[in-house]
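Only one structure is covered here, and it is reproduced in the block below.
The values are calculated or read from the model by the stated rules, or taken from the named source; none is laboratory data. What you see is a predicted model, and the numbers here were worked out from it, not measured in a lab. Quick reminder, even Gly has a Cβ in these numbers, built from the backbone with ideal geometry, and neighbours come from all protein chains shown.
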Amino acid sequence: MRNLFAFLAGGLFGAGLFVSGMTDTTKVQGWLDVFGDWDPTLAFVMGGALIPMAIAWQITRRHVTSVLGTAFPPTPSTEIDRKLITGSILFGIGWGLAGLCPGPSIAAISYGGPGLFVFLAAMIGGMLVAPALRSRMDRAVPAE
């Protein structure tokens with residue numbers, strides 16, 4: 001049952017990315033071009049994602065398990081550290097250069113063209129390198 005709900009949620013998420021234009025690299029890059037020909041429409045997409053998530057986090061605070069009986073994931077950390085900053089910078093560079101991030105890139109596999117596959121290869125490479133980079137960052141400067 002859990003896999004069915006995961007499949008339905010993933011399909012709904014992918015459809016939302018497609019309908020909202022998040023899989024259109026020119027639309028995303030237009031959103032990021034604040035000092036040029038800025039396209040503010042993705043602000044509504046982000047707001048449309050943040051508002052339900054804020055409500056969902058409020059609901060999970062009052063419940064121990066989900067409707068399916070599984071535990072909710074822990075609330076994300078609010079600590080701003082080197083790992084968060086490094087990850088944010090790398091994510092932003094990739095998003096700005098390619099106009100894609102992981103979710104929309106998967107949703108665009110069927111029609112994305114050769115640039116999409118370069119992005120996917122770079123994304124997978126980054127996922128493979130990240131644990132070693134994280135470990136190296138942890139050893140370089142001890143936590144305070």
Tell me yes or no: at least one residue of the stretch 77-85 is in a helix (DSSP H, G or I), among the aliphatic types (A, V, I, L, M) and modelled with pLDDT of 85 or more. yes
Evaluate the following for Ser105: is it within 20 Å of Gly21 (Cα to Cα), of a type in the set (Ser, Thr, Tyr) and under 14 Å from the mean Cα position of the chain (by Cα)? yes
When you scan the stretch 106-115, how many residues do you find that are closer than 15 Å to Thr26 by Cα, part of a loop (DSSP other than H, G, I, E, B) and not hydrophobic (A, V, I, L, M, F, W, C)? 3
Kindly indicate the residue of the stretch 57-102 that is of a type in the set (D, E, K, R) and touching a helix residue (DSSP H, G or I) at 6+ places or on another chain (Cβ under 8 Å) and also surrounded by the fewest Cβ atoms within 10 Å (Cβ to Cβ) among those meeting that condition. Arg82
The stretch 1-37 - residue that is over 18 Å from Tyr111 (Cβ atoms) and acidic (Asp, Glu) and, of those, nearest to the chain's Cα centre (by Cα): Asp33
Can you go through Ala49, Ala56, Ala107 and tell me which one is touching a Gly at 6+ places or on another chain (Cβ under 6 Å) and either at pLDDT 85 or above or hydrophobic (A, V, I, L, M, F, W, C) (or both)? Ala107
If you check every pair at least six apart or on different chains, which have Cβ atoms under 7 Å apart with a residue in the stretch 13-35 that is within 18 Å of Pro52 (Cα to Cα) and in contact (Cβ under 8 Å) with a residue 40 or more places away in the chain first and a residue that is surrounded by fewer than 18 Cβ atoms within 10 Å (Cβ to Cβ) and among the small types (Gly, Ala, Ser) second? Phe13/Gly103; Leu17/Gly103
Residue set Gly103, Gly92; condition among the small types (Gly, Ala, Ser), part of a helix (DSSP H, G or I) and either in contact (Cβ under 8 Å) with a residue 12 or more places away in the chain or in contact with a strand residue (DSSP E or B) (Cβ under 6 Å, 6 or more places away or on another chain) (or both); output residue Gly103
Working only within the stretch 35-74, note down all residues that are assigned to a loop (DSSP other than H, G, I, E, B) and aliphatic (A, V, I, L, M). Val64, Val67, Leu68
Kindly indicate whether any position in the stretch 16-31 is basic (Lys, Arg) and under 27 Å from Leu116 (Cβ atoms). yes
